[in-house]
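The values are calculated or read from the model by the stated rules, or taken from the named source; none is laboratory data. Just so it is clear, the structure is predicted and the values come from calculations on it, not from any experiment. Counting neighbours? That spans all protein chains shown, and the Cβs are built from the backbone with ideal geometry, glycine included.
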């Protein structure tokens, strides 16, 4: 006789208890909101994108479409102000990559 054990582990994305799928969807929604904001207030939208990039709430969602989108927006609009904004996250996972993305964009 075989006995099988199954463990069900619910992975959460935030202290509020969101599921990973909910966090993934929320990240997508926020990115669309920030892209719309960029049409009227680009600096504010880019700041929000930086904060979203480093937001630990979405750390394990693996939403590469959003992360790649943020990197593209920052590279295309790179300037010293954005580089300074990213510095507040120095030491955080992804900091070096995002800072280098902005530096590359500044070189043209």
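What the table shows:
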{"read-out": "Breaking point among (1) surrounded by fewer than 12 Cβ atoms within 10 Å (Cβ to Cβ); (2) in contact with a helix residue (DSSP H, G or I) (Cβ under 8 Å, 6 or more places away or on another chain); (3) under 22 Å from residue 101 (Cβ atoms); (4) modelled with pLDDT under 95, for residue 60", "value": "(1)"}
{"read-out": "Residues of segment 36-57 that turn out to be more than 17 Å from residue 95 (Cβ to Cβ), exposed (fewer than 14 other Cβ atoms within 10 Å of the Cβ) and free of Cβ contacts under 8 Å to residues at least 24 places away in the same chain, as a count", "value": "5"}
{"read-out": "Pair list, Cβ < 6 Å and 6+ apart or interchain, from segment 19-33 residues that are over 13 Å from residue 49 (Cβ atoms) to residues that are surrounded by fewer than 15 Cβ atoms within 10 Å (Cβ to Cβ) and modelled with pLDDT under 95", "value": "20/11"}
{"read-out": "Residue match in segment 82-93 (condition: within 14 Å of the chain's Cα centre (by Cα), assigned to a helix (DSSP H, G or I), surrounded by fewer than 17 Cβ atoms within 10 Å (Cβ to Cβ) and without any contact (Cβ under 8 Å) to a residue 60 or more places away in the chain)", "value": "no"}
{"read-out": "Segment 9-29, subset touching a helix residue (DSSP H, G or I) at 6+ places or on another chain (Cβ under 6 Å), crowded, with 17+ Cβ neighbours inside 10 Å and more than 22 Å from residue 82 (Cβ to Cβ), residue modelled with the highest pLDDT", "value": "23"}
{"read-out": "Residues being in a helix (DSSP H, G or I), in contact with a helix residue (DSSP H, G or I) (Cβ under 9 Å, 6 or more places away or on another chain) and more than 14 Å from residue 104 (Cβ to Cβ) - total across segment 63-79", "value": "5"}
{"read-out": "Test: residue in segment 95-108 that is over 28 Å from residue 22 (Cα atoms), without any contact (Cβ under 8 Å) to a residue 24 or more places away in the chain, part of a loop (DSSP other than H, G, I, E, B) and out of contact with any strand residue (DSSP E or B) (no Cβ under 7 Å at 6 or more places or on another chain)", "value": "yes"}
{"read-out": "Condition check for residue 32: closer than 30 Å to residue 104 by Cβ, out of contact with any helix residue (DSSP H, G or I) (no Cβ under 9 Å at 6 or more places or on another chain), part of a helix (DSSP H, G or I) and modelled with pLDDT of 85 or more", "value": "yes"}
